[in-house]
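Read through the structure below, which is laid out as structure tokens, and then see the notes.
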Amino acid sequence: MSKRDYYEVLGVGRTATDQEIKSAYRKLALKYHPDRNPGSKDAEERFKEAAEAYAVLADAGKRAAFDRFGHAGVGSPASGGYDPTIFADFGDILGGLGDLFGFGEMFGGPRRRGGPQRGADLRYDLEIGFEEAYRGAETVIQVPRQEACGACGGSGAAKGTAPATCPRCHGRGQIRYQQGFFTVAQTCGQCGGAGRVITSPCAECRGAGHVQRERRITVKIPPGIATGQRLRLQREGEAGLASGPPGDLYVVIHVEDHPLFRRDGDDLYCEIPVTFPALALGGTVEIPTMDGSHPLEIPEGTQGGTVFRLRGLGMPKINGRGKGDLHAAVLVSIPRKLTREQRTLVEKLGQSLPQEQPAGADRTGQDERGVFDRVKDLFS
Ligand SMILES: [Zn+2]
Ligand SMILES: [Zn+2]
């Protein structure tokens, strides 16, 4: 049987306003609600059909897609397959009556507490050294987590026994009672909604079905990882309930600072003290990198504060494609103490160098303007 057109389902025209669609849906929902049509398969089908039509037509994006491509445009299931999110805003429409209808229970909204449930995700904060972040590492962490009980296989029932159907709700997990016009559904207090009760609990887990364990887990840290990044270890979280799958484990990385390098993305920054003569004469200076020292040619007359960019000497990119750069700033290193001989040489040098030049009078341009002029620029 082919699916009916959503407009036809709601009995509105293609140009219907949002308000008209909402109002048409409200009428149908109240008319075909299963609680008002007990046991009627037809009413239930119509009710679901209306809900699905409304979910699409009430959403501008989905409606436009439906207008253009029909059912294919909104990927609506050919049959069955209920999306509980369809009912997310149902409560609004019925003006607060949604809860009374117990939609959740009817369409698998809030999961029945006794059914299979995925385990919770876990977070583990891992501090690693800068070197480890650079080279990558493999480390073992100890994670306390809930694991399925081995003795009872997660059922919570003692060996040789099985959970029994709850006598109070007869396995439904909820108690329904009439309140005026509506049927109200409440979670069964005896089984907590599971529909089953454990008469002889497993000794190991005392009926819980899971036990707390300290598990040692090996974590592979890829080179280039940075603070705040998370590694997801699938299925290493808490055990699921009633043979539901386990959750995931998220390892959140914190990288220690490096005494020499500052990191920004994949690039590294450092400051290298160089003596005045080495800067003035130029030549080769040794630059520290994460892989040992590296020769760097600096030109004659290099100014303090000049930054040299060394390509490919930064952090590895996390995707494995190359490395960032290293930015090395050279600083003028002034000796705190001089020998008598050094002192004489520096004095001689000082006498032979010209005094502070007036602004703009440099032969080589503005870079060599005096520090005082540059400070003046800042405040003028
Ligand atoms: Zn057990
Ligand atoms: Zn029960």
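Which peptide among 269-275, 302-308 comes first, and what is the full order, when sorted by highest mean count of other Cβ atoms within 10 Å? Before the final figure, lay out the partial values.
Values: 269-275: 15.4, 302-308: 13.7.
In descending order of packing, they fall as 269-275, 302-308.
Please report the spacing between the Cα centers of the range 1-28 and the range 251-308 in Å, no decimals.
The distance from the Cα centre of the range 1-28 to that of the range 251-308 comes to 69 Å.
Can you list the residues, at least 5 places off or on another chain, whose amide H is less than 5 Å from the amide H of Lys317, using H built in the peptide plane?
Gly322, Lys323, Gly324
Along the range 168-183, what does the Karplus equation 6.51 cos²θ - 1.76 cosθ + 1.60 (θ = phi - 60°) give for ³J(HN,Hα), rounded to whole Hz, x for Gly and Pro?
Ordered by residue, 3J(HN,Hα) equals 6, 9, 6, x, 7, x, 9, 10, 10, 9, 8, 10, x, 7, 9, 9 Hz.
For a quick check: with amide H placed at 1.01 Å from N, whose amide H comes under 5 Å from Ile287's, ignoring anything fewer than 5 positions away on the same chain?
His294, Leu296
Tabulate in residue order the Karplus-calculated ³J(HN,Hα) for the range 239-249, using 6.51 cos²θ - 1.76 cosθ + 1.60 with θ = phi - 60°, rounded to whole Hz; enter x for Gly and Pro.
For the range 239-249, the Karplus-derived couplings read 5, x, 9, 6, 6, x, x, x, x, 9, 10 Hz, x marking Gly and Pro.
Using alpha-carbon pairs under 8 Å, 6+ residues apart, how would you state the relative contact order of the range 226-363 in percent? Present the calculation step by step, with values, prior to reporting the outcome.
Numbers: 211 pairs, mean separation 25.8, N = 138.
Value for the range 226-363: 19 percent.
Give me the distance in nm between label points sitting 7 Å out from Cα along the Cα-to-Cβ direction at Thr17 and Arg206, one decimal.
6.2 nm
By the gyration tensor of its Cα atoms, with a ≥ b ≥ c the square roots of the eigenvalues, what is the shape of the range 128-237: rounded for a/c under 1.5, prolate for a/b over b/c, or oblate? Kindly include the intermediate steps, with their values, before the conclusion.
Working: a/c = 5.67, a/b = 2.10, b/c = 2.69.
It comes out oblate by the Cα gyration axes.
Check Gln186: other-chain or 5+ apart residues with amide H under 5 Å from its amide H, H built from backbone geometry?
Ile175, Arg176, Tyr177
Run the simple label-point estimate for Ile141 and Arg336 please: 7 Å along Cα→C-beta, distance reported in nm.
4.2 nm
May I ask you to list the residues of the range 167-209 whose amide nitrogen lies under 17 Å from a point 7 Å from Cα along the Cα→beta-carbon direction of Ala151?
Taking a point 7 Å out along Cα→Cβ of Ala151, the residues of the range 167-209 whose backbone N falls under 17 Å are 198-209.
Please give, to one decimal in nm, the separation of the simple spin-label points placed at Gln351 and His254, each 7 Å out from Cα toward the Cβ.
Distance between the two pseudo-spin positions: 6.0 nm.
Using per-residue counts of other Cβ atoms within 10 Å, averaged over each peptide, order 277-283, 215-221 from highest down. It would help to have the intermediate numbers written out before the result.
Numbers: 277-283: 15.1, 215-221: 13.3.
Result, highest mean first: 277-283, 215-221.
Determine the gain in length on full extension of the stretch Tyr177-Asp59; use 0.36 nm per residue of separation and subtract their C-alpha separation, reporting nm with one decimal.
Details: separation 118, 0.36 × 118 = 42.48 nm, distance 3.46 nm.
Extra length available between Tyr177 and Asp59 comes to 39.0 nm.
Take Leu281, project a point 7 Å from its Cα along the Cβ direction, then tell me which residues of the range 299-317 have their backbone nitrogen under 19 Å from it.
299-304
Indicate the gyration tensor shape class of the range 240-302 (rounded, prolate or oblate), computed on the Cα atoms with a ≥ b ≥ c the square roots of the eigenvalues: a/c under 1.5 is rounded; otherwise a/b larger than b/c is prolate and the rest oblate.
On the way: a/c = 5.74, a/b = 4.97, b/c = 1.15.
Prolate.
In whole percent, and with a 1.4 Å probe on the protein chains, what portion of the accessible area of the range 124-241 is carbon and sulfur? Write out the running numbers ahead of the final one.
Details: 3090 of 6690 Å².
C and S atoms contribute 46 percent here.
Once R0 is set to 45 Å, what does the formula 1/(1 + (r/R0)^6) return for the Cβ-Cβ distance between Lys317 and Arg68, expressed as a FRET efficiency to the nearest 0.05? Walk me through the numbers on the way to the answer.
Details: r = 41 Å, r/R0 = 0.92.
About 0.60, to the nearest 0.05.
Under the definition of Cα pairs under 8 Å and six or more residues apart, what whole-number percent is the relative contact order of the range 102-241?
It comes to 40 percent, rounded to a whole number.
Tell me, what ³J(HN,Hα) does each residue in the range 193-201 have, in order and in whole Hz, if you take phi through Karplus 6.51 cos²θ - 1.76 cosθ + 1.60 with θ = phi - 60° and put x for Gly and Pro?
Working through the residues one at a time gives x, 6, x, 10, 10, 9, 7, 10, x Hz.
The values are calculated or read from the model by the stated rules, or taken from the named source; none is laboratory data. What you are looking at is a predicted structure, and each value in this text was computed from that prediction instead of being measured. Don't worry about glycine lacking a Cβ; one is built from the backbone with ideal geometry, like all the others, and counts go over all protein chains shown. Each accessible area value is taken on the protein alone, full model and side chains, heavy atoms only, with ligands, DNA and RNA left out. Shrake-Rupley method; radii C 1.70, N 1.55, O 1.52, S 1.80 Å.
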